[in-house]
Amino acid sequence: MPDEKFELKVPEGDDRPRLVCDTCGFINYVNPRVVVGAVCTWENQILMCRRAIEPRTGFWTIPAGYLEEEEAVIDGAKREAWEEAHADVDLDCILAVYNVPRISQVQIIYRGSLRSPKVKPGLESLDVALFEWDDIPWGEVAFPSVHWALNHFREVRDLSTFSPFANPEGQTGNELLEPDK
């Protein structure tokens, strides 16, 4: 569409600037990205992956990544566990929905279990490991939301039902948290 020209302006009836096509009036809405992941366990151990990609290469995280188009949220979380750790998982419920406005992300994190403790690094992981709670490398955790998910998981690990968590009070994802061990 070489004849189309987009201009950043506030469309009629809107409250913020958007890219609008001067030719046809098409409005290009840019919306937050959805990240899906899971806190998965084998017995009392938690699956974590050492990142092989930026941001935060070499730091530990839970298996998580962007939801693909035309993919159900739970299927995306299962796919990410497989891609990052070759982990076959059962996901039982949504643990949390976090918002990180600075990077326009909505993160949907499940609680789950491994069908087998046999895991190995995928293309986006340098290493994968199963950690007892006290052995989690807290100083090397990649993102604030991973701290949140791990601590929220600990609160409900033995509960069959609970309401999903959200960002801890006053937390936006810009700050690093002191973990509650």
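In debye, nearest 20: dipole of the chain around its Cα centre with unit charges on the Cβ of K, R (+) and D, E (-)? Provide the component values of the computation, followed by the final result.
Details: 18 positive and 32 negative charges, 50 e Å.
Dipole of the chain, to the nearest 20 debye: 240 debye.
Using a cut-off of 12 Å between beta-carbons, work out the net charge of the residues near VAL35 (Lys and Arg +1, Asp and Glu -1, VAL35 not included).
Charge balance near VAL35 sits at -1.
Given the -39500 (n - 2.57) contribution per DSSP H run of 4+ residues, what per-residue ellipticity at 222 nm results for the chain, rounded to the nearest 500 deg cm²/dmol?
Values: 2 runs with 26 residues, N = 181.
It comes out at -4500 deg cm²/dmol, rounded to the nearest 500.
To test your reading of the geometry: what angle, between 0 and 90 degrees and rounded to tens, separates the Cα axis of helix 144-156 from the longest principal axis of the chain?
50 degrees
For LEU130, what charge total do you get from the other residues with a beta carbon under 11 Å from its beta carbon, if Lys and Arg give +1 and Asp and Glu give -1? Kindly include the intermediate steps, with their values, before the conclusion.
On the way: positive: LYS118; negative: GLU43, GLU132, ASP135.
The answer is -2.
Taking square-rooted eigenvalues a ≥ b ≥ c of the alpha carbon gyration tensor, is region 23-84 rounded, prolate or oblate, where a/c under 1.5 means rounded and, failing that, a/b exceeding b/c means prolate? Show your work: numbers first, answer last.
Working: a/c = 3.79, a/b = 2.03, b/c = 1.86.
Prolate shape, in that a/c is at least 1.5 and a/b is the bigger ratio.
Find out how many positive minus negative residues lie around ILE53, taking Lys and Arg as positive, Asp and Glu as negative, among other residues whose Cβ is under 15 Å from that of ILE53.
Details: positive: ARG50, ARG51, ARG56; negative: GLU54, GLU80, GLU83, GLU84, GLU124, ASP127.
It works out to a net charge of -3.
Quick one: dipole size for region 67-111, taken about the Cα centre, charges +1 on Lys/Arg Cβ and -1 on Asp/Glu Cβ, in debye to the nearest 20.
Values: 4 positive and 11 negative charges, 75 e Å.
The dipole magnitude comes to about 360 debye.
Once you sort the root eigenvalues of the Cα gyration tensor of region 33-156 as a ≥ b ≥ c, which label holds: rounded (a/c under 1.5), prolate (a/b larger than b/c) or oblate (the other case)?
Working: a/c = 1.21, a/b = 1.14, b/c = 1.06.
Because its axes are fairly even, with a/c under 1.5, region 33-156 counts as rounded.
Antiparallel versus total DSSP beta bridges in the chain: what percent is that, nearest 5? Could you put the intermediate results ahead of the total?
Values: 29 of 40 bridges.
Around 70 percent of the beta bridges assigned by DSSP in the chain are antiparallel ones.
For helix 73-85, what angle does its Cα long axis make with the longest principal axis of the chain, in degrees from 0 to 90 and rounded to 10?
Between helix and principal axis, roughly 60 degrees.
Bear in mind these aren't lab numbers, they're just calculated from the coordinates by the rules spelled out. What you are looking at is a predicted structure, and each value in this text was computed from that prediction instead of being measured. A quick note on method: Cβ atoms are made from the backbone with ideal geometry, for glycine too, and the neighbour counts reach across all protein chains shown.
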